[in-house]
Amino acid sequence: MLAIQQEVDLNMPFKRVLVVWGCVFMLGTVTAATVPPPVPSYADVSYGPCSHQLLDVYLPQGAGPFPVLVWYGGIWKPSKHAPDLNMFFPHQCAVIAVQTRSMEDAVKEKANPPISYVLSDARRALKYIHLHAKEWHLDPQRIAAGGGSQATIPAFFAACTASAADANASDPVDRELVKVVAIGFWRGPGSIDPKRLQEWNPGVEWGAPAWGCTVAESLKRYAELQPVISKWSPEYFVTKETPPMYIQNDWGLTKPADITLANYSVHSPLWGVGLKKYVESFGVTCYQKYPGLESAKYKDMWDFLIQRLQPAQK
């Protein structure tokens, strides 16, 4: 079985933990332990047959219809969490936390490639939300997608692929066509293509378990794997119609002294620099912020998402 190691962002403010398939080590001070978790308006909504395919829907007070941020949980182990609702509720924005089947599930069930479980679920969840928008008092024309760290991958994939629909599908979810208005990246990569990741952030080892092998093997077998990689790595679906994006990192281009190299490498702003250049080559609007670089127009990623969800935004 593959050993998968990745930092998981669990809450806002983020608690950082290192997960090595069943072993959890606290890396920082837990500030949210004494704060009761928010209560969803609709909890553990099932959007598929697996017990891990779940949504939590958080609605502000009012009649709606509410714009909504769809926020994805981690990919290595099943998880769902909402960012700080106090940022969104004052602006009458709903938040939905998404949990998908995990890489752990995929490896156990020998899915090929393992990442297909996570990403197909991510797209299905977005379509399911769109289908149930009226029931949950949501505005289906004002949906944004985002995630932190590893969860930027399902958020990006869903946002780029949910605009395709099968009008003849027997499942009504597959007939939904979703066009999101914004994508938010919190300190995460925008690709799981091992060659592209090396180009953007040289020397980093991340993401290869998505293809069922090590980083070294994925690079050695790149020509063989590339047709599959292009089917699942989200940046392959970028077009000029891709919605505006915002990439934010809490560390700059120099590693902070109190952060391990392994942690810094997989959350480096270098990935965002490469992704921004890549999507802008298609004509996509992309903002980036990290210490040493302030973005234009928006204070930060959260401000960007909230403003993009407002009716006046085009």
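A short reminder: the numbers here are calculations on the coordinates, not readings from a lab. As the structure is a computational prediction, the values presented were derived from the model and not from experiment. Note: ideal-geometry Cβ built from the backbone for every residue, glycine included; neighbour counts use all protein chains shown.
So what is the 222 nm mean residue ellipticity for the chain from helices alone, if each DSSP H run of at least 4 adds -39500 (n - 2.57) and you divide by all residues, rounding to the nearest 500 deg cm²/dmol? Walk me through the intermediate numbers first.
Values: 9 runs with 84 residues, N = 314.
Per the formula, -7500 deg cm²/dmol.
May I ask what percent, to the nearest 5, of DSSP beta bridges between residues of the stretch 40-309 are antiparallel?
Counting DSSP beta bridges with both partners in the stretch 40-309, the antiparallel share is about 25 percent.
Counting other Cβ atoms within 10 Å as a rough exposure proxy, the listed residues 185, 66 run 66, 185 from fewest neighbours to most. Using θ = phi - 60° in the Karplus curve 6.51 cos²θ - 1.76 cosθ + 1.60, the 3J(HN,Hα) couplings for the stretch 164-179 round to 9, 9, 9, 5, 9, 5, 6, 8, x, 4, 5, 7, 6, 10, 10, 10 Hz; x is entered for Gly and Pro. Ranking of 258, 166, 139 by neighbouring Cβ atoms within 10 Å, starting from the fewest: 258, 166, 139. Model label points for residue 44 and residue 259, set 7 angstrom from Cα along the Cα-to-Cβ axis, are 3.6 nm apart.
For 239, 100, 214, what's the fewest-to-most ordering of other Cβ within 10 Å of each Cβ? List each step's numbers first, then the result.
On the way: 239 11, 100 31, 214 15.
In increasing order of surrounding Cβ atoms, one gets 239, 214, 100.
Subtracting the Cα-Cα distance of residue 91 and residue 297 from 0.36 nm times their residue separation leaves 72.3 nm of extension gain.
With charges set only on the Cβ (+1 for Lys and Arg, -1 for Asp and Glu), what does the dipole of the chain come to about its Cα centre, in debye to the nearest 20?
Value, rounded to 20: 400 debye.
Please give the contour-minus-distance gain from residue 179 to residue 195: 0.36 nm per residue of separation, less the Cα-Cα distance, rounded to one decimal in nm.
Contour length minus the Cα-Cα distance gives 2.8 nm.
This structure gives Rg/Rh (Cα atoms, Kirkwood Rh), computed directly, and of (i) 0.93; (ii) 1.00; (iii) 1.16 that value is listed as (i). Averaging Cα coordinates gives a centre for the stretch 205-251 and one for the stretch 71-123; these two points are 17 Å apart. Measuring nothing but how far apart in sequence close Cα pairs (under 8 Å, 6+ apart) lie, relative to its length, the stretch 40-309 scores a relative contact order of 17 percent. Each of 63, 285, 152 was placed along the dipole of the stretch 40-309 (beta-carbon charges, centred on the mean Cα), and the one lying farthest toward the positive end is 285.
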